1. Please report the net charge: other residues with Cβ closer than 14 Å to the Cβ of ALA142, K and R +1, D and E -1.
2. Could you pull out the pairs from LYS42/LYS136; LYS77/LYS100; LYS181/LYS201; LYS42/LYS121; LYS77/LYS99; LYS100/LYS122 whose alpha carbons sit more than 26 Å apart here?
3. Show the residues, 5+ positions off or on another chain, whose built amide H is closer than 5 Å to the amide H of ASP84.
4. What does the charge add up to near VAL55, with Lys and Arg as +1, Asp and Glu as -1, over the other residues with Cβ less than 12 Å from its Cβ?
5. Tell me the net charge near LYS99. Cut-off is 14 Å between Cβ atoms, LYS99 excluded, with +1 for each Lys or Arg and -1 for each Asp or Glu.
Amino acid sequence: MIFQKLWSSFRAQMNKLANFFWEADPIAQMRYEYDRSVEELKQGRVGLEQYRALVERVSRQVKEGERHVAQLEAQAKAYLKAGDRATAAKFALEMEKAKKDLAANNEQLAMHEESYNNNLKKIQHATKKLGEVRSKIQKYDAEIKMSEAEAEVAKLSESFNFNVTTDFGQLEQVVQERIDKNRGAVRVAADLSERGVADIKAEEAMESQMADDALKRMEMSLGLVTPETTQTAPVQKELGPAQ
């Protein structure tokens, strides 16, 4: 009883494993079944060829029997016409035996011919069915691949349906905010840069004017120039940007 339960459990697990591999790749399983059927068909064809050889041998025996009967009949007739009834009777008796053998061979030939034709039809039908199966396998393989691709595209389209509530949508919003922040920093830096340049230019102009005034005072203190001899045009000082 225990061994029976263990055996039943083992068979159940093996059946489960077989079903797993069976359903994992049905196209591969179909191709395996197709290849196995093709091999069986090849073996059947070899057997049919051997059987046809038997039919041909029986057919040859029938033809030889027909020639033998015709020969015996001709010999019996020839001796009968010659008046040799004893020899004619001998050939006549042998001819009857040959006819019985010929009838038996004809019966065997008819039976073998019918059996051969039936097996031939079965193999031809199987060959046709295998061709249909091959076409179905190719069709199913293409349909499975197409359906799998469509399913992946459908999943992809769902994952690409982004909005603010999805993780991708939230990440996209963070990226946009960072871009806006960076652009704002660049704009501020540009504005500050322009203001700094204006102040620097004003400071440089002021220092240049102060240096020029100090040089003139030095020249006057040294007596190199006098206020009367110095014809200096009034200079407009610029201490900063024009208002």
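Computed from the coordinates by the stated procedures, all read-outs in this text should not be read as laboratory data. The model shown is predicted, which means the values in this text are computed figures rather than measured ones. Glycine gets a Cβ as well: all are built from the backbone with ideal geometry, and neighbour counts include every protein chain shown.
1. On the way: positive: ARG31, ARG134, LYS136, LYS139, LYS145; negative: ASP141, GLU143, GLU148, GLU150.
After counting each charged neighbour, the total is +1.
2. Listed pairs above 26 Å: LYS181/LYS201; LYS100/LYS122.
3. none
4. My count for the surroundings of VAL55 gives -1.
5. Details: positive: ARG67, LYS97, LYS100; negative: GLU64, GLU66, GLU73, GLU94, GLU96, ASP101, GLU107.
That works out to -4.
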